[in-house]
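The next block holds one structure in the form of structure tokens; read it before the comments.
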Amino acid sequence: MRCRSAKILISGLLLIALIQSCSKQSSPDRNQADTKTSTWNRQQADLQYRQLQTEINLAQTKELYLVLDLRRMKIALKLKGAIVWEAPLSMLEPDSSAAIDFAGHFESRDGQLMRHISGKYLFAADKKTPDSILAIVGEAVNVRPELLQREVPARFQLTWNDGLILDVRTDISGKYKEPLKNALQQVKHVINRPFGETSLAIKMDPDAALTLYRAAIKGLPTMIYPPM
């Protein structure tokens, strides 16, 4: 009887030890999962805080600035925090990894989410723009209509330092301007690509693309909202 009781006691102790052992083995996994969740939340909070600070700093100036919102798939011109002009955009390729990669490279080494446009290049354009459209564009970008380009861009590129390129396309089948110069521009991109060039191709309405092209002057501050 005593022997049987001892066996039951030993079996019970072994069962308790096994449960404790399993609990110890699973506990680090849970802690690791909790840590990952906590870290991800902190990263999101930090990103949102930096976005807010960037927007506040730009809004406090008297300068027009460009907002590339890859989260809502929109592009906007803002002045003192107010939207002056806004237009939808779409990715030329359905793969979202290009937008994520572009946004990741857009963030500067010191964590800033703002850059200044370093240049732009018009590949092709077509047809004259009505004066009524030019008047609207002129008011949006604070430029006299008679000084605006009267052709609608079919394709152009905006550039920022460190090889960042936004390739803007429209549905217009425009005439390619200066074919030799266009070819040299493409060759330049091919040469630069191994050294860190990052491009994002988007599609826009032709009139919206015209507004963006005219407003995107060299030095225009640009902030980005990365895709979620």
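Conditions (1) closer than 25 Å to Ile165 by Cβ; (2) at pLDDT below 50; (3) of a type in the set (D, E, K, R), marked per residue:
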position: Ile8; (1), (2), (3): no, yes, no
position: Glu93; (1), (2), (3): yes, no, yes
position: Ser96; (1), (2), (3): yes, no, no
position: Phe106; (1), (2), (3): yes, no, no
Inset, instruction - Return a yes/no flag: does region 73-88 have any residue that is of a type in the set (Lys, Arg) and touching a Pro at 6+ places or on another chain (Cβ under 8 Å). - result: yes
Inset, instruction - Looking only at region 95-111, count how many residues are within 15 Å of the chain's Cα centre (by Cα) and over 17 Å from Thr159 (Cα atoms). - result: 5
Inset, instruction - Evaluate region 18-27: report whether one residue or more is of a type in the set (Val, Ile, Thr), assigned to a helix (DSSP H, G or I), modelled with pLDDT of 50 or more and more than 30 Å from Glu93 (Cα to Cα). - result: no
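Rundown of residues vs (1) crowded, with 18+ Cβ neighbours inside 10 Å; (2) at positive phi; (3) modelled with pLDDT of 90 or more; (4) in contact with a Pro (Cβ under 8 Å, 6 or more places away or on another chain), yes/no style:
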position	(1), (2), (3), (4)
Leu148	yes, no, no, no
Gly174	yes, no, no, yes
Ile202	yes, no, yes, no
Tyr213	yes, no, yes, yes
Ala216	yes, no, yes, no
Inset, instruction - Could you tell me whether any residue of region 114-131 is at pLDDT 90 or above, buried (at least 17 other Cβ atoms within 10 Å of the Cβ), among the charged types (D, E, K, R) and within 23 Å of Ser96 (Cα to Cα)? - result: yes
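The values are calculated or read from the model by the stated rules, or taken from the named source; none is laboratory data. Bear in mind that the values here come from a model prediction, so they are computed numbers and not experimental data. Note that each Cβ is placed from the backbone with ideal geometry, even for glycine, and that neighbours are counted across all protein chains shown.
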